[in-house]
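Chemist: One structure, as structure tokens, below. Some questions next.
The values are calculated or read from the model by the stated rules, or taken from the named source; none is laboratory data. Predicted model, so just to flag it, every value in this text is computed and none were measured. Neighbour counts run over all protein chains shown; Cβ positions are idealised from the backbone, glycine included.
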Amino acid sequence: MNLRKISDPELLANTEKLARQEREILTRVLHHLREIERRRLFSALGYKSLFEYAVKRLGYSDDQAGRRIAAMRLLQEIPEIESKIESGALTLTNIGMAQSLFRSTFRSEYAVNYGKKPKGGAKTAAPFAPYRSITGARSPKAGAMISTIFACCADHAISAWRLSNN
């Protein structure tokens, strides 16, 4: 592919179009991974997990496979994020960070409200401390994206987490 011969405006327009298509394809891949997991097709192919299938069969690195699977599961729980992924407002990295945040926050929130210890230690009195520390330690853009996810999805995620842990 020789890009040196196309004009600057054409190169920029093509790149923007490809980036849009890439995000649209990403959500399609996430839906396909969800269906493969639902049908357990990875097992029929001799893989122990969807992760192993994504790495060994699809050729993703461990990190790429993990981010896609985390995003696929969050998309399953919170379908409203699909349009944000397609628009580029949410990235796989931010979704993974938010999902980690949800897990630690909701473990802590559950422990405080229901008197149980979170994994690895004593009860915590600050259930949203992980949120503050993550957003404070990241770039303003990443913090804003995590804040958006958290604000839009916290009630839904807390309810789903409570139901799954009863």
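Chemist: Can you pull out the residues in the stretch 12-33 that are exposed (fewer than 13 other Cβ atoms within 10 Å of the Cβ), of a type in the set (A, V, I, L, M) and more than 17 Å from S87 (Cβ to Cβ)?
Modeler: L12, A13 - these are the residues of the stretch 12-33 that are exposed (fewer than 13 other Cβ atoms within 10 Å of the Cβ), of a type in the set (A, V, I, L, M) and more than 17 Å from S87 (Cβ to Cβ).
Chemist: Output the number of the condition that I81 fails; it satisfies all remaining conditions of (1) in contact (Cβ under 8 Å) with a residue 60 or more places away in the chain; (2) touching a Lys or Arg at 6+ places or on another chain (Cβ under 7 Å); (3) surrounded by 14 or more Cβ atoms within 10 Å (Cβ to Cβ).
Modeler: Among (1) in contact (Cβ under 8 Å) with a residue 60 or more places away in the chain; (2) touching a Lys or Arg at 6+ places or on another chain (Cβ under 7 Å); (3) surrounded by 14 or more Cβ atoms within 10 Å (Cβ to Cβ), I81 violates only (2).
Chemist: Is at least one residue of the stretch 107-128 part of a helix (DSSP H, G or I), touching a Lys or Arg at 6+ places or on another chain (Cβ under 6 Å) and modelled with pLDDT of 85 or more? Talk me through it step by step, then tell me what you get.
Modeler: Our first condition is that a residue be part of a helix (DSSP H, G or I); within the stretch 107-128, this holds for 107-114.
Applying the additional criterion that residues be touching a Lys or Arg at 6+ places or on another chain (Cβ under 6 Å) yields 111.
Remaining after also requiring modelled with pLDDT of 85 or more: none.
No, there is no match, as no residue in the stretch 107-128 is part of a helix (DSSP H, G or I), touching a Lys or Arg at 6+ places or on another chain (Cβ under 6 Å) and modelled with pLDDT of 85 or more.
Yes or no, residue by residue, for (1) at pLDDT 95 or above; (2) of a type outside the set (F, W, Y):
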residue	(1), (2)
N2	no, yes
D8	yes, yes
R20	no, yes
T27	no, yes
H31	yes, yes
E35	yes, yes
F42	yes, no
Y47	yes, no
E82	no, yes
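Chemist: Identify, by number, the condition in (1) more than 17 Å from Q99 (Cβ to Cβ); (2) among the hydroxyl-bearing types (S, T, Y); (3) surrounded by 12 or more Cβ atoms within 10 Å (Cβ to Cβ); (4) touching a residue at least 40 places away in the same chain (Cβ under 8 Å) that Y60 doesn't meet.
Modeler: So the condition that Y60 fails would be (4).
Chemist: How many residues are closer than 22 Å to L90 by Cα and not hydrophobic (A, V, I, L, M, F, W, C) if we restrict to the stretch 1-34?
Modeler: Summing the residues that are closer than 22 Å to L90 by Cα and not hydrophobic (A, V, I, L, M, F, W, C) in the stretch 1-34 gives 14.
Chemist: While we're on this one: Out of everything in the stretch 34-49 that is under 19 Å from the mean Cα position of the chain (by Cα) and part of a helix (DSSP H, G or I), what residue ends up being nearest to E86 (Cα to Cα)?
Modeler: Kept after step one, since they are under 19 Å from the mean Cα position of the chain (by Cα), are these residues of the stretch 34-49: 34-38, 49.
Still in the list and also part of a helix (DSSP H, G or I): 34-38.
Details: R34: 17, E35: 19, I36: 21, E37: 22, R38: 23 Å.
Going through the qualifying residues, I end up with R34.
Chemist: Moving on. Out of the stretch 81-102, which residues are under 10 Å from the mean Cα position of the chain (by Cα), outside any loop (DSSP other than H, G, I, E, B) and not hydrophobic (A, V, I, L, M, F, W, C)?
Modeler: Residues of the stretch 81-102 that are under 10 Å from the mean Cα position of the chain (by Cα), as a first pass: 81, 85, 90-100.
Within this subset, residues satisfying the condition of being outside any loop (DSSP other than H, G, I, E, B) are 81, 85, 92-100.
Listed by number, the residues that qualify are T93, N94, G96, Q99, S100.
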